[in-house]
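Shown next, in structure tokens, is the structure this report addresses.
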Amino acid sequence: MRRLSHLLRIGLAATAGLLVAVGATGTAAADHPDPPPIPFTAFDLGEDGCTYFGTNGQALWAATHQGIEDYRVAITGHTSIAVPGADPAEPMPCLPVVPADRQVEFTLFDDGVQVGEHIVPIDMGDPSAEFAFEFTTEGAAERLDVAVCQERRADGSTWSGRCGDTTTIYSDGAQPPYCEFTFAITNAWTNGFTGQVGITALVEPLTTWHVVITFPGGQQIQSLWNARWSQLGDVVEAANPEWGAPIPVGGTAWMGFVATGSASPPPLVEVYGNGRPCDRA
């Protein structure tokens with residue numbers, strides 16, 4: 001997928017000052033102030049390879065009295081359409097096709113079970129339209145998925161690849177890790193050891209990954225497989241091999257090495273996927 005970089009600034013930049021207006025009851029507002037809203041951004045690339053359909057906004061899990069009031073999640077935001085190829089300073093070749101209509105799909109979950117859905121059309125005639133709506137549920141829905149998608153078929157059915165990457169936000173503001181990794185000393189002897197690193201994609205496919213291994217006491221790599229690598233002093237840097245395919249979501253790529261020296265204390269390992277830090281599993 002093409003990374004947005006400056007393209008986001010054209011049509012998908014978040015609107016500063018966009019506020020959520022939620023009418024809370026006097027008692028709830030007094031006893032339980034609303035937490036800060038949580039921002040979201042999502043986009044999808046049109047079939048012409050140039051047009052970005054997007055949305056920016058925020059979700060507010062309103063303060064409620066458990067057992068007395070329904071839980072409420074208030075959503076506000078706006079849609080956007082960006083056509084970077086229209087910028088004379090940075091022209092882009094666009095395919096001679098008209099992108100399909102898009103919509104923003106909001107899906108609310110309570111303990112992994114869908115409890116609400118709302119669809120906001122993206123109007124080509126009003127690409128920066130604002131929207132505001134509210135979910136009301138009996139349970140404390142903790143997760144909201146936001147995705148920009150092609151419109152569903154007339155019978156409501158969907159298909160693979162219909163939507164761009166899904167943005168997930170949580171009621172407590174926590175964000176799921178983008179990717180994760182494991183590291184293990186798989187064997188050790190008097191003056192050497194072997195290690196293995198596994199990199200797993202969690203949000204979107206990893207087209208690139210980068211591993212930094214810092215040895216604590218002068219250890220040296222003798223051999224390393226399934227990656228390009230170099231060592232300077234105590235620091236080893238490894239990257240995905242040129243022949244390697246992207247790591248699909250839920251998939252894992254493995255690299256291993258043989259090193260001289262003691263396995264204790266173990267080396268410090270850092271992993272990055274698509275330039276973003278990965279959490280250690």
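Counting only residues that are aliphatic (A, V, I, L, M) and in contact with a Ser or Thr (Cβ under 7 Å, 6 or more places away or on another chain), region 216-236 holds 1 of them.
Under the condition of being over 20 Å from residue 182 (Cβ atoms) and under 29 Å from the mean Cα position of the chain (by Cα), which residue from region 192-234 is surrounded by the fewest Cβ atoms within 10 Å (Cβ to Cβ)? My answer is 228. Scanning region 229-263 for residues being in contact (Cβ under 8 Å) with a residue 24 or more places away in the chain and in a loop (DSSP other than H, G, I, E, B) gives a total of 8. Within region 179-222, the set of residues being in a strand (DSSP E or B) and polar (S, T, N, Q) comprises 182, 186, 187, 194, 196, 200, 214, 220, 222.
Which one is farthest from residue 63 (Cα to Cα), of the residues in region 97-152 that are part of a strand (DSSP E or B) and either small (Gly, Ala, Ser) or not assigned by TED's automatic domain parsing to the domain that holds residue 77 (or both)? Looking at the filtered set, the residue picked out is 147.
Could you list, in sequence order, all residues of region 217-227 that are more than 22 Å from residue 275 (Cα to Cα), modelled with pLDDT of 95 or more and not β-branched (Val, Ile, Thr)?
219, 220, 222, 223, listed by residue number.
Scanning region 153-171 for residues that are in a loop (DSSP other than H, G, I, E, B) and over 12 Å from residue 105 (Cα atoms) gives 153, 154, 155, 156, 157, 158, 159, 160, 161, 171.
Considering region 130-184, and only residues there that are in contact with a Ser or Thr (Cβ under 7 Å, 6 or more places away or on another chain) and exposed (fewer than 15 other Cβ atoms within 10 Å of the Cβ), the residue that is nearest to residue 265 (Cα to Cα) turns out to be 176.
The values are calculated or read from the model by the stated rules, or taken from the named source; none is laboratory data. The shown structure was predicted, so the numbers you read here are calculated from the model rather than taken from an experiment. So basically every Cβ, Gly included, is an ideal-geometry build from the backbone, and we count neighbours across all protein chains shown.
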